[in-house]
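A short worksheet on the structure shown next.
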Amino acid sequence: MMGDRSNDVAVADDANVSGGAGSLLETKFVEAPITFVPLSRLSVSPLNVRRKALTGIEGLADSILAKGLLQNLVAHPARGSRGKNPKLCVCAGQRRLAALQLLAEQGKVSADQCIPVKVLTEAEAVAASLIENEAREPMHAADQAVAFRLLLEEGRSIDYVAALFSIPPLTVQRRLKIANVSPKILDVYRDDGMTTEQIQALALCDDHDKQERLWFDAAQSWLRDPYHLREAIVEEEINVSENPLVAFVTLDAYVAAGGYVRRDLFSESANAGYITDTALLQQLATERLLVIAQDVLAEGWSFVETRVKRDFSELSAYTHITPQARDMTKKEAAQYAKLEKARGKASSALDAYYSAETIEEDEDKRDALEDGARDAQNGCEQFVEALEAWTPEQLASAGAFVLLNHAGKVVIERGYVKRGTATSAGHEGDEQDIPKKAKPVHSDKLCRRLTAHRTAAVQVELAAKPNIALSVLMQRLIPTVFSSLYYYGEETGVHVSATCSHDKLLREADDMEASAAWQEIEAERSKWAAMLPKQRSNLLPWLIEQSDDVMANLFAFCVASTLDSVTGTEAAHPVNALADLLEVDMTKYWTPTQGSYLNHVSKARIAEVVSTVVSPEAAAPLTAMKKDAAAATAELRLAGTGWLPEVLAKRGASEIAADDDQTDEPVDMEDDEILN
């Protein structure tokens, strides 16, 4: 096959050896001479960047046997090899070398057969191998990533590698991140056992043990989804792009204070990453809020407190007072009359624009009219607010909260008075005249947990009965429309402001996802989500085309989703009347287990429940057990009894008196009242 070397070998153009990937190495490759060395002196270079198992070697061997070797190999001297004829390691042409060695094993060529080789230095070998492989059969991303790392270990810079292969530096950084993944994980990726998205998710973590544990020890295949892998790595960290504390403190301030950010190089977002030091972020936010609080305290308030987020249950312990408005002077009244006139004129102009059916849409004109109407309204409101002032008595009895909203903006709320203390009007809560309340059986947190499950159960039943859903909504709307006939404050448990309680139920009960009611709700939600149009602009046309049956059932589900009976007290709730009407059986949706109830009450309460529901004899051993053992034993004793805590079992609806001497005191309506 290779008797006459001049006829056997057609040497490829040197530019092809470099693969055209860049001119930085091209000159060196051209200058390196081609020598002919025996096949027995050649072996695979440890610097060859292609690690994936070679394929198609037999076919390539047949081609070489038939047509000859059409391109030289590229090699470098082996480390430690001495003498005139050192061993050479092939760094480019690994498949051709394997084909030649196969022919030698088959006795079709001699081991002494001379092979054309271009010899480079070891320092140039990795780059040569990478360019060779990139220019021909595409390399696996795992091999390319390791090759980039080897180039950097040789002293090359990221910019050098990026320029060499005409790719952005970010691409090089992403490859290097993959190269730092556990070698075991890289092998799986190299053998196509995982997707690029999966290894990118694992690359977020630098801990090889954790990477391997998340991949190899996953109990279910879905735990290897990129989303769940990423969530498992950053479960205790804060997403930079979504957290209000980060928006408030700023990422630069956090990093300047010594905080570390786990960057997600594979995200398209410029600021993608995760805060790893939550305590430091909280500290920085609190320190900034305290500075602002000092300025608010200087206004004369009796107290000013800071919170990194609004806690509605905490604020419910306060009443909220408003500043006193003084009468306008004649001059001020005249100024306000002008502002009102301007507001009316701007509002009329906007109404006229909307009412003109034949007018062509003019976005600039519409925006100008809307801005004018809004500015006129704001002008009136600001004028009235300027007449309001806090009296010295109010300042002495009330305080303020400096909070962060969901966007990380500072919100200052003034005029909070602790319930039972003196108010601005001079009324005092005489605690001595108020009988001591009995300690509730269930804590605020447990009440909210239990009533979240109650809400889910009623939602399931209500969603299945469109007629009742319509009646419930109408029962809430009619007193608003016909306010002269009905007492406005009576509640039903439905938020007519279309506030979906989905996320709230998950927050209030960490075991919600495992409940039968929730699984039924989510199945129904998924069904409707698959049917609904993806764009909001298509929603109305879609609704108009639907049958009465579809509309009725979708309506029932939406009304049910606004239902919210979560409360922090054991008192009867208006939703109980609806539960009775629907004949809700809570035992279908809730059972007393350690996680759902027993771990959240005292051992004495556990024994009391078992004694009442089962027998005093069954409860007697519990008092001598540790709390965990008592809870576990009680769960077994209560299984199948159908017992429900008072919060879920009692069905009395709360009564709201409609007498004439109601106070005007504002009521906190976050939890157990309904937002109008």
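Every read-out reported here was derived from the displayed coordinates using simple, explicitly stated rules and does not represent laboratory data. These numbers come from a predicted model, not from an experiment. A quick note on method: Cβ atoms are made from the backbone with ideal geometry, for glycine too, and the neighbour counts reach across all protein chains shown.
Note on LEU170 and GLU370: the model spin-label points, each 7 Å out from Cα along the C-beta direction, lie 3.2 nm apart. Other residues lying with their Cβ under 14 Å from the Cβ of GLU154 contribute a combined charge of -1, Lys and Arg counting +1, Asp and Glu -1. For SER348 and ALA386, the FRET efficiency from 1/(1 + (r/R0)^6), where r spans their Cβ atoms and R0 equals 30 Å, is about 0.70.
Suppose the chain between LYS67 and GLU608 were pulled fully straight at 0.36 nm per residue; how much longer would it get relative to their current alpha carbon spacing?
Details: separation 541, 0.36 × 541 = 194.76 nm, distance 9.22 nm.
In short, 185.5 nm is gained.
How large is the dipole of region 576-635 about the Cα centre if only Lys and Arg carry +1 and Asp and Glu carry -1, each at its Cβ, rounded to the nearest 20 debye?
The dipole of region 576-635 has a size of about 340 debye.
Amide H to amide H, with H built 1.01 Å from N, VAL240 comes under 5 Å of GLY273, TYR274, ILE275, counting only residues 5 or more places away or on other chains. Reducing region 196-258 and region 172-195 to their Cα centroids gives an inter-centroid distance of 17 Å. The length gained on full extension between ALA396 and THR587, counted as 0.36 nm times the residue separation minus their Cα-Cα distance, comes to 63.6 nm.
I need the calculated FRET efficiency for the pair GLU197 and SER615, taking r as the beta carbon distance and R₀ as 60 Å, to the nearest 0.05. Could you put the intermediate results ahead of the total?
Working: r = 57 Å, r/R0 = 0.95.
E(calc), rounded to 0.05, equals 0.55.
Taking packing as the residue-averaged number of other Cβ atoms within 10 angstrom, the listed peptides 68-77, 544-553 run from highest to lowest as 68-77, 544-553. Highest mean packing comes first when the peptides 52-59, 103-110 are listed by Cβ atoms within 10 Å, giving 103-110, 52-59. Spin-label model, ASP209 to THR276: label points 7 Å out along the Cα-to-beta-carbon direction sit 1.6 nm apart.
Excluding same-chain neighbours fewer than eight residues apart, the lysines reachable from LYS309 by a Cα-Cα span under 21 Å are LYS409, LYS418, LYS445, LYS504. Rounded to whole Å, give me the distance from the Cα center of region 61-112 to that of region 289-336. If we compute the Cα centre of each part, the gap is 84 Å.
Here the spin labels are modelled as points 7 Å beyond Cα on the Cα-Cβ line, and at ASN239 and ALA407 they lie 1.9 nm apart. Scalar couplings 3J(HN,Hα) for region 617-633, obtained by applying the Karplus form with A = 6.51, B = -1.76, C = 1.60 to θ = phi - 60°, are 5, 5, 7, 3, x, 5, 5, 8, 8, 6, 4, 4, 5, 5, 5, 5, 5 Hz; x denotes Gly and Pro.
Between amide H atoms placed 1.01 Å from N, distances below 5 Å from ALA464 occur with no residue 5 or more places distant or on a separate chain. Ordering of 246-256, 143-153 by packing is 143-153, 246-256, highest average first (other Cβ atoms within 10 Å, averaged per residue).
Taking 0.36 nm per residue of sequence separation and removing the Cα-Cα distance, the GLU545/ASN85 pair yields an extension gain of 157.1 nm. For region 314-331, 3J(HN,Hα) computed residue by residue from phi via the Karplus equation (6.51, -1.76, 1.60; θ = phi - 60°) reads 6, 5, 5, 7, 10, 9, 10, 9, 10, x, 8, 9, 8, 5, 6, 6, 4, 5 Hz, glycine and proline entered as x. Backbone geometry of region 86-99 corresponds, through the Karplus equation with coefficients 6.51, -1.76 and 1.60 at θ = phi - 60°, to 3J(HN,Hα) couplings of x, 5, 10, 10, 7, 9, 9, x, 4, 5, 5, 5, 4, 5 Hz, x marking Gly and Pro.
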